[in-house]
Amino acid sequence: MYALRQGRFIATQASQVSRFYSARYMSTIYDKHKDTFERFGITKSGNKGVFDGEWKGSGPVIKSINPVNNEVIAEVISGNVNDLNTALDKVAEAQKLWRDLPVPKRGEVLLAMRQTLVENLEPLGKVVALEMGKILPEGIGEIQEYIDILEYALGLSRMMKGSMIPSERPGHVMLETWNPLGTVGVISAFNFPVAVYGWNSAIALVTGNGVLWKPSPTTPLVSIAVTRLIEKTLRDHNLPSALCSLVTGGTEVGSSLAADPRAHVLSFTGSTKVGREVGQVVQGRFGKSILELGGNNAIIVMEDCDLDLAARAILFAAVGTAGQRCTTTRRLIVHENIYDTLIERLIKAYGQVKVGDPLEEGVLCGPLHTKAAVSVYEETLKKVQEQGGKILFGGEALGGNFVKPTLTRVDKNMEVIKEEAFVPILHTMTFKTLDEAIAINNNVAQGLSSSIFTQNPETIFKWIGPAGSDCGIINVNIPTNGAEIGGAFGGEKATGGGRESGSDSWKQYCRRGTCTINYSGALPLAQGINFG
């Protein structure tokens with residue numbers, strides 16, 4: 001597909017690209033990977049996309065599309081609102097048994113889920129790559145992330161605790177308790193079709209909740225595969241498998257789940273626009289929402305940085321997953337004295353990025369997930385040029401869903417850099433002082449991830465302090481992506497304020513109780529009040 005010449009890959013004509021993929025995929029995607037799909041009970045058609053203890057589906061047929069050539073992989077009979085209603089009732093019934101299970105016993109079940117995922121690590125990763133479009137190592141890494149959070153939840157099953165609070169009244173003790181809320185609804189996005197569900201479900205389960213998963217309508221197959229593995233584990237432990245239910249479908253199902261008071265917690269991952277609507281709906285019924293929305297992330301490169309380290313980090317952060325991570329680096333803010341040197345290195349590195357089939361060895365950048373994303377790529381670059389910016393590298397759609405990872409030169413005040421485009425475009429700009437760089441970082445609506453490259457302790461501590469980054473993730477000498485499960489993941493401002501995964505995020509899935517126990521035999525009142 002490419003010829004390497006003077007550090008640059010030269011794309012062939014679009015017609016040649018089409019012929020290449022037509023020839024390569026003369027046998028269907030499903031047939032080519034039949035053993036993998038059959039491992040999870042997935043067939044070419046007739047797959048039931050609803051699970052509530054039994055597999056069913058009453059909604060329209062949805063097609064899973066392979067982003068490499070836009071070929072249909074398989075068809076799924078999705079769910080509708082009636083399916084959702086039934087599933088919510090069944091989750092609630094199953095949760096009554098689960099909540100009474102001792103927490104360490106819940107941990108044992110999560111350990112078994114972990115083992116099942118370990119045994120299916122590579123096949124599941126392949127389904128992610130085929131259906132989402134990310135390269136195979138990233139697909140496998142996403143399943144590993146689910147495995148890791150199950151290990152974390154196993155640890156929590158022996159560690160979750162409340163507090164004992166000093167009472168001002170003699171013969172009294174105050175306790176803080178954390179109990180499950182009931183059902184956690186999870187609406188996940190296409191770009192991490194397994195990991196986001198894993199974060200939420202593992203923590204929701206260990207805290208005693210049931211889970212209802214509504215995945216992206218463009219990634220139904222991997223959600224079916226994962227649910228089948230969970231179903232088997234629950235049945236093996238004589239537990240009601242409806243505890244982890246699944247309802248695939250479109251906007252109608254998602255909107256109904258957000259509005260339903262039986263979903264005591266609603267975790268939504270997606271765009272800021274839709275997330276704002278979801279948050280208002282959930283708040284309107286006094287439910288709890290966990291919102292993981294847009295991320296217009298930036299890396300600041302100081303003059304005193306390790307330039308080699310920064311260049312490697314920037315490449316991975318901007319090009320990985322074809323720019324379709326919520327933590328992808330979209331803005332590069334470079335000290336003016338080293339800008340030319342760094343950009344020269346990045347252009348050379350970008351020229352060596354292999355774009356192509358995500359299952360092919362050596363490919364670093366797969367396709368965009370949909371044809372519509374290619375239009376976003378082209379429209380964003382058009383805005384860059386209209387607003388006075390330049391394309392330094394790339395800027396080409398390569399046919400199908402493939403695009404060339406792109407570097408631009410922009411001004412910090414351009415409107416185009418304040419909008420998140422979910423494609424591999426990195427906007428570069430310069431600064432003179434640290435305060436200016438921090439202001440540029442903070443001057444967008446989103447506040448998910450941020451990073452600075454420096455060797456100066458004074459710079460580091462200002463960056464992570466109250467006058468520094470206003471994001472939920474604040475990194476030093478590492479890229480904006482690649483978050484570990486031990487820390488709380490999420491962001492501020494238009495990113496929604498939600499937190500998932502580590503730290504004390506488990507508390508979001510619980511109701512907090514303040515409990516006062518009187519063992520004195522008397523009835524002293526607080527604040528010294530005396531009724532005689």
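The values are calculated or read from the model by the stated rules, or taken from the named source; none is laboratory data. Predicted model, so just to flag it, every value in this text is computed and none were measured. A quick note on method: Cβ atoms are made from the backbone with ideal geometry, for glycine too, and the neighbour counts reach across all protein chains shown. Surface accessibility is based on the protein's heavy atoms, side chains included, excluding ligands, DNA and RNA. Shrake-Rupley method; radii C 1.70, N 1.55, O 1.52, S 1.80 Å.
Data for the structure
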| read-out | value |
| --- | --- |
| Matching residues in the stretch 357-375 - criterion: being part of a loop (DSSP other than H, G, I, E, B) and either open to solvent by less than 60 Å² (accessible area, probe 1.4 Å) or at positive phi (or both) | Asp357, Pro358, Leu359, Glu360, Gly362, Val363, Gly366, Pro367, Leu368, His369, Thr370 |
| Every pair of residues 6+ apart whose Cβ atoms lie under 7 Å, when the first sits in the stretch 113-132 and is within 14 Å of Lys232 (Cα to Cα) while the second is of a type in the set (Phe, Trp, Tyr) and open to solvent by less than 30 Å² (accessible area, probe 1.4 Å) | Leu117/Tyr146 |
| Pro123 being open to solvent by 40 Å² or more (accessible area, probe 1.4 Å), modelled with pLDDT of 95 or more and not basic (Lys, Arg) | no |
| Pair list, Cβ under 7 Å, 6 or more apart: the stretch 142-154 residue without any contact (Cβ under 8 Å) to a residue 24 or more places away in the chain, other residue part of a helix (DSSP H, G or I) and open to solvent by 50 Å² or more (accessible area, probe 1.4 Å) | none |
| Residue check, Ile338 over 19 Å from Asn191 (Cβ atoms) and crowded, with 24+ Cβ neighbours inside 10 Å | no |
| Odd one out for Glu419, checked against (1) over 27 Å from Ala263 (Cα atoms); (2) touching a strand residue (DSSP E or B) at 6+ places or on another chain (Cβ under 7 Å); (3) surrounded by fewer than 20 Cβ atoms within 10 Å (Cβ to Cβ) | (2) |
| Residue that is touching a residue at least 40 places away in the same chain (Cβ under 8 Å), farther than 20 Å from Ala318 by Cβ and surrounded by fewer than 21 Cβ atoms within 10 Å (Cβ to Cβ), where the choices are Lys462, Lys493 | Lys493 |
| Of the criteria (1) surrounded by fewer than 20 Cβ atoms within 10 Å (Cβ to Cβ); (2) in contact with a strand residue (DSSP E or B) (Cβ under 8 Å, 6 or more places away or on another chain); (3) modelled with pLDDT of 95 or more, which one Thr12 fails | (3) |
| Residue ranges of strands (runs of 3 or more DSSP E) in the stretch 170-269 with at least 1 members in contact with an Asp or Glu (Cβ under 8 Å, 6 or more places away or on another chain) and of a type in the set (S, T, N, Q) | 244-247, 265-269 |
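This table checks each residue for (1) open to solvent by less than 10 Å² (accessible area, probe 1.4 Å); (2) in a helix (DSSP H, G or I).
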position: Asp308; (1), (2): no, yes
position: Arg312; (1), (2): no, yes
position: Arg325; (1), (2): no, no
position: Arg331; (1), (2): yes, no
position: Ile347; (1), (2): no, yes
position: Tyr377; (1), (2): yes, yes
position: Lys382; (1), (2): no, yes
